[in-house]
Structures are given as C-alpha cells and as structure tokens.
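A quick write-up on the structure given underneath.
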C-alpha cells in the first residue's frame, strides 16, 4: 500500500478566515485600507515596535516601496546577500541600482557582516540583510558599519516575523523592513506583504507612494480638503478581503508559532544523531537569536548526496526541495559582474541544502515518517 503523500508546503487555515472574509464583505469595504487592514497594522506595530506598518500586495512591492523611499538612483550600489530570493535585489535594480553581492556566513547562512567594509564604495546607498530561516543577522555589526558610512539598512524580514535579535524584534532595527505573507510563510494570506517604517521621517511619504503617489490617506483623515498627485508611487494596497484572512492568522499567531516550534524541535531531536554519523549539518541558531521557526533545512556533504536524498524522499512519497540559486551566477547576476568563486559559501550551500516539509498543519505522525525515511538514508 502506497503511503500518503506528504507535501513540502500546504496552505492552512487558522480558524476564522472565512468568517472574517464574510465580515469584510458585509462591511461594504473590500478594497485597501479597510477595517481589517487597520487591525492588521495595529498588530504588526505592536509586535514589531515599528512606527508604522503598511500592508502591501506582496513583500516584493514592500521592497519596491523602500527603494523609492530611499530615492535610489541609477548607478547607486546596494549590498545584498547572493543567497536570497530575487525580489530582495530586483526592487532596487528596477530603480537603476547595481547589486553588490555579499557571501553568507557558514553557520546561520546570513549575510557575512565581516565583508561589509570591503564592499562599501562612495556609491553604496543601502545594505539589505536577509534574516534567513527566521534567524537574525548580526545586526549590531551591520548597523555599526552602516552608521559609520551613513548607509541605510533595510531588513528583508520575509522569514523572520516574531523572531528576535538580542531581545529586539527582527524588522525593528533598520530604518525599514519588509514582511511576506506568501502561502509558504508562517502567517499567510496567499499573497501579501508589509513594509515596516522605523524612521518616522519616512512615514508620510510611504503612505503617498503606497497610494499611487497621492495624498489620499491624509484626505481620509481630514488633514486636507482634497487629494491630488504629489509624488511617484503605485497601487501597493492589499485588498481588505485578503487583510481579513491575514487578520485571522495574526490573531492565531501564538498557536501557530507554538506548533511550528514543536515541529522544528522534533526535526532537530529526531535527526541529530543521524546527522552526526553521516556528516550532515543541521541549522545553527546562536544563543542571542530567538528564531521565528520558519523552516527546517539540512546541509548534505555535496550536490550528489543532496540529490540522492531528495530522490529517496520522493520515492517514499515525500516532497523535499532545495532553495535559492546564487544570484551572482544567474543570467542577470553575471551581467552585474558576478562570477564563479565570488561567493564560495553561497555556492556550496546552494548545492547542498534541503528543506524538509514544514507547514502549520503538519501532523506529528507524518513528520515522524519523514524522519524515519531520512534515517534510512546513508550518506
């Protein structure tokens, strides 16, 4: 008898999503900045300490907003880890910026902060650290270097909502941060994101950019008697229907995070001895970081064994996946000066990392089956 298929990811309800969607329709306001949007903003501001949170249609759009807010111009340089999703840098390339690819640390797989000084030039305008797997980058050093050179720091916190770095919420340390509520994230509404504004000076313009370059938000607050076109911008607002779904997830955040922490710990405990005996590395979380329990990955000795384990799991009806390909070796990355050997840790990790099934409703018995199948595999 064939075992039931275990997916890598699965969209999950927390409880009241459909109730709140119906309520949003009853409210008669299903476009952006409705009642549920405002409630989501309040939760995000409370949890992260952001001066202002603004929902967007995606984390990609949130990143695009940060590039506009920083007034990125053609020829400006933006430092970004090569091991990240393309949106992290594409938002700045759209404004004419040149990406400067940084390698990652071999322990946390975050941007290697020791490289920053060597990558900075007079044209450097921003540093975009990515809190990989919801484990905080070394933000003290990053901020120290950035402040020394008067460079903005934008945290790509797509993985890290509710994570902490030395007691501070991830997303609260740079001048801005971005969040993702994509289907694969801990808290989701299918597609969605948010920009977190930590520098109050940027708040008014952020609202304008998000509202197609108009001062519409000020009009609805009664601060102006009409609204008009005052800046560049686009339509970055999330529908209140999606915000209703998101609010149900945010309302259940404690339950979601508790369950995900149990999943992570079960993988860690169940695979630790196998990893040691097979030369496999499990995630490393520094003591000063409280992770967000976004994913669980393993690092195999080489590409051949990584592919063999993926095939072994697939044969047993379990889907596991690798992650980012190095940006500096992509077609676009090569155009910006990328070349083999530029980021050796990134290249090694990209060839050897496997992400295991991890979603909010992953059953304990299914997870134990994943662990048992992995334990059968000999490197």
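The values are calculated or read from the model by the stated rules, or taken from the named source; none is laboratory data. What you see is a predicted model; the values in this text were computed from it and never measured. Here the Cβ is made from the backbone with ideal geometry for all residues, glycine too, and neighbour counts use every protein chain on show.
Overview of values
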item: For residue 195: the one exception among (1) part of a helix (DSSP H, G or I); (2) within 20 Å of the chain's Cα centre (by Cα); result: (1)
item: Any hit, region 133-147, residues being modelled with pLDDT of 95 or more, within 23 Å of residue 210 (Cα to Cα) and either part of a loop (DSSP other than H, G, I, E, B) or within 20 Å of the chain's Cα centre (by Cα) (or both); result: no
item: Selection count, region 262-303, where residues are closer than 24 Å to residue 53 by Cβ and out of contact with any strand residue (DSSP E or B) (no Cβ under 8 Å at 6 or more places or on another chain); result: 4
item: Condition broken by residue 67, with the remaining ones in (1) in a helix (DSSP H, G or I); (2) within 18 Å of the chain's Cα centre (by Cα); (3) closer than 18 Å to residue 238 by Cα satisfied; result: (3)
item: Those residues of region 31-59 which are surrounded by fewer than 18 Cβ atoms within 10 Å (Cβ to Cβ) and modelled with pLDDT under 95, in sequence order; result: 31
item: Elements of type helices (runs of 4 or more DSSP H) in region 301-379, at least 3 residues being under 22 Å from residue 159 (Cα atoms) and modelled with pLDDT of 95 or more; result: 344-352
item: Tally, over region 88-111, of residues that are closer than 22 Å to residue 340 by Cβ, out of contact with any helix residue (DSSP H, G or I) (no Cβ under 7 Å at 6 or more places or on another chain) and buried (at least 22 other Cβ atoms within 10 Å of the Cβ); result: 1
item: Number of the exception - residue 38 against (1) touching a strand residue (DSSP E or B) at 6+ places or on another chain (Cβ under 9 Å); (2) free of Cβ contacts under 8 Å to residues at least 24 places away in the same chain; result: (1)
item: Evaluation of residue 328 against (1) within 19 Å of residue 119 (Cα to Cα); (2) out of contact with any strand residue (DSSP E or B) (no Cβ under 6 Å at 6 or more places or on another chain) (one fails), failing number; result: (2)
item: Residue list for region 259-271, restricted to those being surrounded by 12 or more Cβ atoms within 10 Å (Cβ to Cβ) and closer than 14 Å to residue 374 by Cβ; result: 266, 267, 268, 270, 271
item: Residue check, residue 182 more than 16 Å from residue 250 (Cα to Cα), surrounded by fewer than 24 Cβ atoms within 10 Å (Cβ to Cβ) and at pLDDT 95 or above; result: no
item: Verdict on residue 85 being surrounded by fewer than 20 Cβ atoms within 10 Å (Cβ to Cβ), in contact with a helix residue (DSSP H, G or I) (Cβ under 9 Å, 6 or more places away or on another chain) and closer than 21 Å to residue 323 by Cβ; result: yes
item: Residue among 275, 248 that alone is outside any loop (DSSP other than H, G, I, E, B) and either under 19 Å from the mean Cα position of the chain (by Cα) or closer than 30 Å to residue 204 by Cα (or both); result: 248
item: Selected residue (criterion: surrounded by the fewest Cβ atoms within 10 Å (Cβ to Cβ)) from residues of region 112-132 that are touching a helix residue (DSSP H, G or I) at 6+ places or on another chain (Cβ under 9 Å) and assigned to a helix (DSSP H, G or I); result: 117
item: Residue match in region 212-224 (condition: under 30 Å from residue 16 (Cβ atoms), assigned to a loop (DSSP other than H, G, I, E, B) and touching a strand residue (DSSP E or B) at 6+ places or on another chain (Cβ under 6 Å)); result: no
